[in-house]
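Report on the structure given below.
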Amino acid sequence: MKSSLPVVECFHSLQGEGKHAGRSAYFIRLASCKVGCPWCDTKESWNSKLHPQQSLKDLSIGTAKAQKEGAAFVVITGGEPLHHNLDELCKEIRKYTLNQERKSIPIHLETSGVDKLSGRPDWITLSPKRHSPPRLDNLLCCQELKIVIQNSDDLDFAKKMANLIKNNGTTKPQLFLQAGWNNDEGKALAIKYVKNNPDWTLSMQTHKWLDVL
Ligand code: SF4
């Protein structure tokens, strides 16, 4: 079992997107992604060899410090965090953030869903990609489904993902469409679809609008 992981950055900020937008969060951005989205805004995270290994203990101590400073949850993101087995990292985070009420900080995971789930996260934001669809088991256990809309094919993909959940799942994730950044076509499509389909909500990248790190 690995005792360290390649890390791009860790920082305490506000969650910018989805259901928990605007809440205090500590982010652990792990390196490595082979999904290859052309519009990716974290391409620097793709090659894990370019990023230092950090011990699981140090990552957990950093999370505990942020928790004391007000972080309501930790977000494990990437890159594609599930390229790594997250069992040990999440175990360590839970150990180091255990409070007097015997509760640990909630662990949120942001993933495209292409790999097997690990770490037993408390909240899964699944952001599947049309060119690299997610595993069905990941699709059926997420709390939040977020699809980036660049064009009408992405909208068709969003409907397909929602139907798969509806027809196979027992849980009902919150459904979000998020327009591609600086993409007028995606913005128009997402807004129009959400206006006509009340099951869906528009996800805003509020951290980019507000220039919050
Ligand atoms: S899955 Fe995420 S990190 Fe990987 S290429 Fe796509 S947007 Fe970038």
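Observations, loosely collected:
- Restricting the first member to the range 16-44 and to residues that are farther than 26 Å from A71 by Cα, and the second to residues that are within 16 Å of the ligand (Cβ to nearest atom) and at pLDDT below 95, the beta-carbon pairs closer than 6 Å and six or more apart or on different chains are W39/G180.
- Which listed residue, of L5, L59, L82, L86, is within 16 Å of the ligand (Cβ to nearest atom), at pLDDT 95 or above and more than 17 Å from the chain's Cα centre (by Cα): L5
- The C-beta contact set for the range 180-206 (first residue of a type in the set (S, T, N, Q), second residue part of a loop (DSSP other than H, G, I, E, B) and modelled with pLDDT under 85, distance under 8 angstrom, 6+ apart or interchain) comprises Q205/W181; T206/V212.
- Search result, residues across the range 115-138 that are within 15 Å of the ligand (Cβ to nearest atom), of a type outside the set (S, T, N, Q) and farther than 14 Å from G78 by Cβ: P128, R130, H131, P133, P134, R135
- Within the range 21-56, restricting attention to residues that are aromatic (F, W, Y) and at pLDDT 95 or above, the residue that is farthest from K129 (Cα to Cα) is Y26.
- Restricting the range 152-182 to residues that are in contact with a helix residue (DSSP H, G or I) (Cβ under 9 Å, 6 or more places away or on another chain) and polar (S, T, N, Q) leaves a set whose member that is modelled with the highest pLDDT is S152.
The values are calculated or read from the model by the stated rules, or taken from the named source; none is laboratory data. The model shown is predicted, which means the values in this text are computed figures rather than measured ones. Virtual Cβ from ideal backbone geometry, glycine too; neighbours counted across all protein chains shown.
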